[in-house]
Each structure stands twice: as structure tokens, then as C-alpha cells.
Amino acid sequence: MWEEITIHGAGLPGALAISQLDWLIIEKPAPELLNPLSILLDPSEAEAIALAMNLPESTVLLDDAQARRVAERFGVNRIGTLGILRRAKKAGLINAIKPYTEQLQKNGIYIRQSLIEAVLHDVGE
């Protein structure tokens, strides 16, 4: 994930800030957990799930449907971007979700429109 954010994502919002964090600890998952997951998922999703398998109290941010199914199969807690936005709105941290979904879409992030509409309806937008 480090490479995905800081190297492949160089120049994107947040990449430089993440690369300069001095408190961040980079961990690699055990190969015996990572290798089977790598057959099914892209490297960053496989790493996140493999690491979370040893940290039962953790929650992994996953938006990809296949990755979410794999995480569920291994008992890994997961949440998607819309789930985080929903929680933020319900906690009063943000006033509206829609501007964030629009910004995500403008930046090339695909989120199924029916899912966006369901979340917006759920929070009264």
C-alpha cells in the first residue's frame, strides 16, 4: 500500500503528506497469508487483508466488491468510503455527503450510482 500511495500516487492529493509522516510504521504481511490472497486480489488489497487477519480489532477500508467478499470470508472487518462518509455525517463531522461523492467521481473514483443514492437517502440527502 505504501508504494500505491506514495510512488504510484505521486502528485495526487495526500501522497506527499503521507510520505513525510515520521510516526508511520510500515509492516509487511507474512508471505503465507499474502501469497494466497495475491492470487485473488491486487497487491494493496491483499496486503491490507493479510495484515488485518492478525489484528482482529482492525477495520480495513475496501471499496472493491471482490476484496470485500474475500475479507468477509476471512473474518476481517471492513468499511467502504461511503460507509466512512455516512459515519462522519451521523457523527456531525460533516454536513453533507454529496459534495464528497461528487469530488470522488471528479477524481476518477468509481462508485456505483445506486449505492451513492441509497446512502444519500439513508442520511436524508
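Some values worked out for this structure:
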read-out: Ellipsoid equivalent to region 37-82 - semi-axes via the Cα gyration tensor, in Å; value: 14, 13, 9
read-out: Protein accessible area in the chain, 1.4 Å probe - carbon and sulfur %; value: 56
read-out: GluC sites (Glu not before Pro) within region 1-80, DSSP loop, no more than 14 other Cβ atoms inside 10 Å; value: 27, 57
read-out: Three-way shape label, region 50-109, alpha-carbon gyration tensor, a/c 1.5; value: oblate
read-out: Whole-angstrom Cα spans of the chain along principal axes, big to small; value: 45, 34, 25
read-out: Shape of region 1-56, Cα gyration tensor, a/c cut at 1.5; value: oblate
read-out: Magnitude of the charge dipole, region 71-124, Cβ model with Lys/Arg +1 and Asp/Glu -1, debye to 20; value: 120
read-out: Lysine pairs in the chain with Cα atoms under 27 Å, if 8 or more residues apart or on separate chains; value: 5
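The values are calculated or read from the model by the stated rules, or taken from the named source; none is laboratory data. For clarity, every value in this text was computed on a predicted model and none was experimentally measured. In this analysis, Cβ positions are derived from the backbone assuming ideal geometry, glycine residues included, and neighbour counts consider all displayed protein chains. The protein model used for the area step is the full one, side chains on, heavy atoms only, and it has no ligands, DNA or RNA in it. Shrake-Rupley method; radii C 1.70, N 1.55, O 1.52, S 1.80 Å.
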